[in-house]
Amino acid sequence: MLIGSTQKMGAGTNVQNKLVASHDLDPPFRPSDMEQRKGRTVRQGNENEKVDLYRYVSEGTFDAYLYQMLENKQKFTSQIMTSKSPVRSCEDLDEVALSYAEIKALSAGNPLIKEKMDLDIEVGRLKSLKASHRNSMYQLQDKVRITLPREIERMENDIAAVEKDMAAYKARPIPTDDKGKPAFPSIEIHGKVYTDKKEAGAVLLDTCRKAVIGNAQHSQEIGSYQGFKLRVGFDPMNSVYIATLVGAAQHRVQLGSDEIGNFTRLDNALNGMEQRLEKTNARLDNFKTQLAESTAQLNTPFPREAELQEKSARLAELTKILESAADEKPSRINEIVDPFYIEVGNPEKVKEILDEHGITYDISPEQNEKGNYALKVNAEDGEKVKRLISAPTKNLSI
């Protein structure tokens, strides 16, 4: 057996090899102290596969208050000392705090206190769930009234714009060379038209470099290509030049260092409008489905509202009972050690007389078969009481 305080047997005390049980005789002031005590036995290196943990409490003592302090401190530290990712909301209690609460209830020695504490925890959890549900409804309202309609409108406008660009692009004649093969369609840069692909590619890259000098964050219009306005800019995050073909919609292209290959990229963006349209239509359908589902879920009541109301009502009832019990004065009968009984017919008058003379007594709340009430006093006061209420025998009627 090893006996010691938390400080003497705390951190750095390596005695765990043979320990089979830990006995906590009193509650500490910090949850960390409780963990230190537990850590003497529940620790790597202990040769015993299982150990016993005992915590002793004295009914009706200061232990209940100390465990209340432990519970409150554990609630606070558990909010921040966690390995979980940070979240915007968190549970009111954790498993360790609940164990302290249970010990506190045992210390109080009143089953109603245990029930009240359980209800405190459950009602708090339900209120937290209700608040989370209410926040979800607010977020759902934003989605239904603002976010989703705005996205749907944006995609519908984008679809209409891309369809218009597709029609204009397909209507353009395909340029051919003397042999009837597709030829470079030419590009206009700063008012000059270039028909040689390699030369045009070199001029395009040089124009990009000059265009972003002193204006790296914004794109500039430099000409046109395939019937679309051509804007160039720079993406500082990826250190690349960006070309944007502007029609009814905008078609963004990342440029490379290959002079001829950049025109392939521009053509791919225009030829890929049909695929872009398919993807946007699919997203639009998805957003419309989300809008319909979110609208159906809007204003859904909290599913556990009835349970919350029932437990809140019971909690209020228990609180009232316990507060009333705490305010009640100790029964006079507890002060009567050697009882002497007298029957009286007018208990209110008897109470007035006895209270006036400071005599300890207790009167039954119900009448007996004779219609009298049982008056209980200490035996040493018996004769005095009989004289005070002017009755010669134990069967008095006042």
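Would you give the gap between the C-alpha center of region 212-259 and the C-alpha center of region 141-186, rounded to a whole Å?
Computed from Cα coordinates, the inter-centre distance equals 17 Å.
In the structure shown, do any of Lys164/Lys229; Lys38/Lys311; Lys164/Lys279; Lys73/Lys116; Lys170/Lys229 have a Cα-Cα gap over 26 Å, and if so which? Walk me through the numbers on the way to the answer.
Values: Lys164/Lys229 15 Å; Lys38/Lys311 35 Å; Lys164/Lys279 16 Å; Lys73/Lys116 20 Å; Lys170/Lys229 16 Å.
From Lys164/Lys229; Lys38/Lys311; Lys164/Lys279; Lys73/Lys116; Lys170/Lys229, over 26 Å: Lys38/Lys311.
Starting from the Cα gyration tensor of region 15-60, take the square roots of the eigenvalues, sort them a ≥ b ≥ c, and report rounded, prolate or oblate (rounded when a/c is under 1.5, otherwise prolate if a/b is larger than b/c, else oblate).
Working: a/c = 3.50, a/b = 1.77, b/c = 1.98.
Note, shape of region 15-60 comes out oblate.
When only C-alpha pairs under 8 Å and at least 6 residues apart count, what is the relative contact order of region 107-226, in percent? Before the final figure, lay out each step's value.
Values: 50 pairs, mean separation 18.6, N = 120.
The value is 16 percent.
For region 108-149, which whole-number percentage of the solvent-accessible area (1.4 Å probe, protein heavy atoms only) is attributable to carbon and sulfur atoms? Kindly include the intermediate steps, with their values, before the conclusion.
Values: 1280 of 2410 Å².
With neighbouring chains kept in place, the figure for region 108-149 is 53 percent.
Out of residues 5 or more away from Ala183 or on other chains, whose amide H comes under 5 Å of its own, with H placed 1.01 Å from N in the peptide plane?
Thr176, Asp177
Find which of Pro185, Ser128, Gln226 sits farthest along the positive direction of the dipole of region 111-244, computed with +1 on the beta-carbon of Lys and Arg, -1 on that of Asp and Glu, about the Cα centre.
My answer, from the dipole projection, is Ser128.
Cβ neighbours within 10 Å, averaged per peptide: list 373-382, 18-27 in order, most packed at the top. Don't skip to the answer; put the middle values down first.
On the way: 373-382: 17.1, 18-27: 14.0.
Highest to lowest by the protection proxy: 373-382, 18-27.
Residues with amide H under 5 Å of Arg40's amide H, sequence separation 5 or more or different chain, H placed in the peptide plane at 1.01 Å from N; which?
none
Whole-Hz ³J(HN,Hα) for each residue in region 345-361, computed from phi via Karplus 6.51 cos²θ - 1.76 cosθ + 1.60 with θ = phi - 60°, x for glycine and proline: what do you get?
x, 10, x, 5, 5, 5, 4, 4, 5, 5, 4, 4, 9, x, 9, 6, 7
Pop out the ³J(HN,Hα) list for region 284-294 in order, Karplus 6.51 cos²θ - 1.76 cosθ + 1.60 with θ = phi - 60°, rounded to Hz; leave Gly and Pro as x.
Values per residue, Gly and Pro as x: 4, 4, 5, 5, 5, 5, 4, 5, 5, 5, 5 Hz.
Mind listing the phi-derived Karplus ³J(HN,Hα) values for region 196-210, rounded to whole Hz, using 6.51, -1.76 and 1.60 with θ = phi - 60°, and x for any glycine or proline?
8, 4, 5, 5, 4, x, 5, 5, 4, 5, 5, 5, 4, 4, 6
The values are calculated or read from the model by the stated rules, or taken from the named source; none is laboratory data. Since the structure is predicted, the reported quantities are computational estimates derived from the model, not experimental observations. Reconstructed Cβ throughout: ideal geometry from the backbone, glycine too, with neighbour counts over all protein chains shown. Side chains are part of the model used for accessible areas, which takes the heavy atoms of the whole protein and leaves out ligands, DNA and RNA. Shrake-Rupley method; radii C 1.70, N 1.55, O 1.52, S 1.80 Å.
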